[in-house]
1. Considering the options 100, 204, 220, tell which one lies farthest towards the positive end of the dipole of segment 24-231, charges being +1 on Lys and Arg and -1 on Asp and Glu at the Cβ, about the Cα centre.
2. In debye, nearest 20: dipole of segment 57-154 around its Cα centre with unit charges on the Cβ of K, R (+) and D, E (-)?
3. Skipping prolines and chain starts, which residues have an amide H placed within reach, meaning under 5 Å, of the one on residue 147, given they are 5 or more residues away or on another chain?
4. Past the 26 Å Cα-Cα mark, which pairs from 134/159; 148/208; 148/211; 92/235; 159/224; 92/134?
5. Can you give the extra length, in nm with one decimal, that the chain gains between residue 230 and residue 21 once fully stretched, where that is 0.36 nm per residue apart less the Cα-Cα distance?
6. Counting only residues 5 or more places away or on other chains, whose amide H sits under 5 Å from the amide H of residue 171 once H atoms are built in the peptide plane?
7. How about segment 127-170: which trypsin sites (Lys or Arg not before Pro) there lie in a loop by DSSP and see at most 15 other Cβ atoms within 10 Å?
8. Considering Cα pairs under 8 angstrom that are at least six residues apart, work out the relative contact order of segment 24-231 and quote it in whole percent.
Amino acid sequence: MKTKTTHNIAHDSPKNLAGFEESLASHGNFIVAHGWGPEQWGCSFTRTQVYETDEGTRITIGTDSELKPYSCGELIYRQGHLGYGTYSIETKASDIVGQVASFFLIANEDTEIDIELTGLNHRIGWMNGWHDHKQNPVSIELPFDTFKDWHAYSFDWFKDHVVWYVDGRMVLNRSDVLTTRHPPTRPITSWWSILGPEININWAGQFKYPKDGRIPEAQFKDMKFVPRLYNAEGKEEGTGGHSHRETAKPNA
């Protein structure tokens, strides 16, 4: 549901067949976005809003931006050319209206697989797929408040469908949305604010900095990628590591 971002990442075929596990307590394998942000958002990405912690990563919304009313944060995994497989992260979101915590894959400007959590309704998760500049969002009702505790969010990307999970439970399975002709190359986690009605206030609400002293924040940890392998004929040969979720067939 977000307005599209622009990342200068070239389309290419997958070259990395190795998975990874990142606690997010260190940012050595990540780019910390700084000095820019989509025009329609109410914040720009700033290094000062992204913190390494013992548990993982804490991203806050502040007032350090020289470009926008607020500053926010984004982590971009450095290694590109990632392909089919299972992508997961644990997140503790926020209940502050007007902000969005997200985890997504991106290939240039027109293709994403997304998980987004807003403060407007913290018992809904948004699962989305972008292709050719068109989005296909689905809201999923959750049995918990996204800001109260850690929860695991993930998606399995197959050649012909995408399956989303929350805490290991399948919540959405889609084969009706073409994700991309080229693999998404990098996983990204970000937290940002919405100010203007032109980018769908009804979706996330309008952000106002809390007057009660609270610092708007979202937390992230344990980002993982388990690659899915296909042979030359396009038949699946398994994964490059262990996945704790059951493989689901498309039902869309």
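1. Working it through, the farthest residue towards the positive pole turns out to be 220.
2. On the way: 7 positive and 14 negative charges, 42 e Å.
I would put it at about 200 debye.
3. HN-HN under 5 Å from residue 147: 93.
4. On the way: 134/159 19 Å; 148/208 21 Å; 148/211 21 Å; 92/235 37 Å; 159/224 19 Å; 92/134 28 Å.
Checking Cα-Cα distances, 92/235; 92/134 exceed 26 Å.
5. Numbers: separation 209, 0.36 × 209 = 75.24 nm, distance 2.15 nm.
That works out to 73.1 nm of additional length.
6. Here 164, 165, 166 satisfy the definition.
7. Values: sites: 134, 148, 159, 169; in loops: 148, 159.
Those satisfying the criteria are 148, 159.
8. Working: 558 pairs, mean separation 60.0, N = 208.
Averaging sequence separation for qualifying contacts and normalising by length gives 29 percent for segment 24-231.
Values in this text are rule-based calculations from the coordinates and carry no lab data. As the structure is a computational prediction, the values presented were derived from the model and not from experiment. Positions of Cβ are generated from backbone atoms using ideal geometry, with glycine treated the same way; all protein chains shown enter the neighbour counts.
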